[in-house]
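The values are calculated or read from the model by the stated rules, or taken from the named source; none is laboratory data. What you see is a predicted model; the values in this text were computed from it and never measured. All Cβ positions, even for glycine, are placed from backbone atoms using ideal geometry, and neighbour counts span all protein chains on display. Side chains are part of the model used for accessible areas, which takes the heavy atoms of the whole protein and leaves out ligands, DNA and RNA. Shrake-Rupley method; radii C 1.70, N 1.55, O 1.52, S 1.80 Å.
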Amino acid sequence: MSIDAGIDVAVRADGLVLRYGRKAALDGVTLTLGTGVTGLLGPNGAGKTTLLRILATALNPDAGSLRVLGHDPLTAPGRLAVRRRLGYLPQDPGFHPGFTTFEFVDYVAILKELTHRGDRHTEVRRVLSAVGLDDQRRTRIRALSGGMRQRVALAAALVGDPDLLILDEPTVGLDPQQRMRFRELFADLGEERAVLLSTHQTEDVMSLCRQVVVIDQGTVRFSGTPADLAALAAGRVWTSVTREPGALASWRTGTGLHRHVGDPPHGAELLPPTIEDGYLMLVDLSSGGAP
Ligand SMILES: Nc1ncnc2c1ncn2[C@@H]1O[C@H](COP(=O)(O)OP(=O)(O)OP(=O)(O)O)[C@@H](O)[C@H]1O
């Protein structure tokens, strides 16, 4: 992909601010996204959906500058150019429950300016097949399970083979087999384009993402590789038979032993850190904590 004046950059955001009333949901977010899958982690209310909506041109920031696919989405022509090359899976896709799966994705394809009926229907079949919904084309959306609806929403985001995919919690509600399938799909998609996905699943980030961005209270707390995120907790994860009240986080695992993240006592039995441990070192646990 060579989108931004020959540079492999899909998104360049600088100092994005978005306020709801007096509360800043984003308080100066700066980030760069290139080809590959980037995971966006953060506690509930951190500003993930707000950021994705701005990148997807559904919301204008109050301050800051933005380039998406080489265009300025804060101008009308720039916004149109971005929308033509963007796939967006919002948290609430606004399904019409009376539509069949095919009708809904076809409707999205019409909005995406696929005007030739035959070509459009071929594209709709392609994306439904990509998400494993060949057999549900004629099923009404109201009759689909939550996980299947999620697949319909992803199919809609894939219409037109976009250069940038913005996915708001795409694996929510999926069973482990489907999650694995989605990971394969995202990894394939990320080979040639930029994919940004927000998630609370740290395993998705570990197994899939080239880059991970952590936001908390509207600011970027970390940007780097998943391995670098895990490394933040190196030497700070340990196990013992008893609970440690002084740890940042401490829980009894299925083996009966306790796992702790924080400052280990002298002589503690250290464990290799996961990205969840690194994440716990970053976010303010009093604000909610879970990724
Ligand atoms: N339309 C709105 N009006 C007022 N406040 C809002 C609105 N949308 C979001 N907020 C607030 O902005 C902050 C960021 O919300 P956002 O939905 O971006 O967080 P998030 O990281 O996506 O959370 P989650 O993980 O729970 O989906 C939260 O404090 C939220 O309450």
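In the range 230-287, the portion of solvent-accessible area held by carbon and sulfur atoms comes to 56 percent [1.4 Å probe, whole percent, DNA, RNA and ligands not counted].
Please figure out what share of the DSSP beta bridges in the chain is antiparallel and state it in percent, rounded to the nearest 5. List each step's numbers first, then the result.
On the way: 31 of 49 bridges.
Once the DSSP bridges in the chain are tallied, antiparallel ones form about 65 percent.
For the range 83-209, what percent of Cα pairs sit more than 25 Å apart?
Details: 1411 of 8001 pairs.
Here the long-distance tail beyond 25 Å is 18 percent of all Cα pairs in the range 83-209.
For the chain, the longest principal axis of the Cα atoms and the long axis of helix 117-130 meet at an angle of about 20 degrees. Over all distinct Cα pairs, what is the inverse of the mean 1/r for the range 162-280, reported as the Kirkwood hydrodynamic radius in Å? One decimal place: 16.0 Å for the Kirkwood radius. Rounded to whole Å, give me the distance from the Cα center of the range 191-220 to that of the range 40-104. A separation of 16 Å, based on Cα centres.
When the alpha carbon gyration tensor of the chain is reduced to an equivalent ellipsoid, the three semi-axes, largest first, read 36, 23, 16 Å.
Put simply, the amide H of Phe222, placed in the peptide plane, has neighbours under 5 Å in Val214, leaving out anything fewer than 5 places away on its chain.
Solvent-accessible surface of the range 167-231, averaged per residue with a 1.4 angstrom probe and all protein chains in place: 43 square angstrom. Derived scalar couplings between HN and Hα for the range 71-79 equal 10, 9, x, 8, 10, 4, x, x, 4 Hz in order, rounded to whole Hz, by the Karplus curve 6.51 cos²θ - 1.76 cosθ + 1.60 (θ = phi - 60°), x for Gly and Pro. Modelled label-to-label distance, Val241 and Asp72, 7 Å Cα→beta-carbon offset: nm? With each label point 7 Å from Cα toward Cβ, the separation is 6.7 nm. Seen against the Cα atoms of the chain and their longest principal axis, helix 176-190 is set at about 70 degrees.
To the nearest 500 deg cm²/dmol, what mean residue ellipticity at 222 nm is calculated for the chain from DSSP H runs of n ≥ 4 alone, each contributing -39,500 (n - 2.57), summed and divided by the residues?
Numbers: 9 runs with 91 residues, N = 291.
About -9000 deg cm²/dmol.
Shown here for the range 140-210: GluC sites (Glu not before Pro) in loop regions (DSSP other than H, G, I, E, B) with at most 16 other Cβ atoms within 10 Å, namely Glu191, Glu192.
Which FRET efficiency value, to the nearest 0.05, is calculated for Ser207 and His266 with the Förster distance at 35 angstrom and r the Cβ-Cβ distance?
Numbers: r = 35 Å, r/R0 = 0.99.
Computed FRET efficiency for Ser207 and His266: 0.50.
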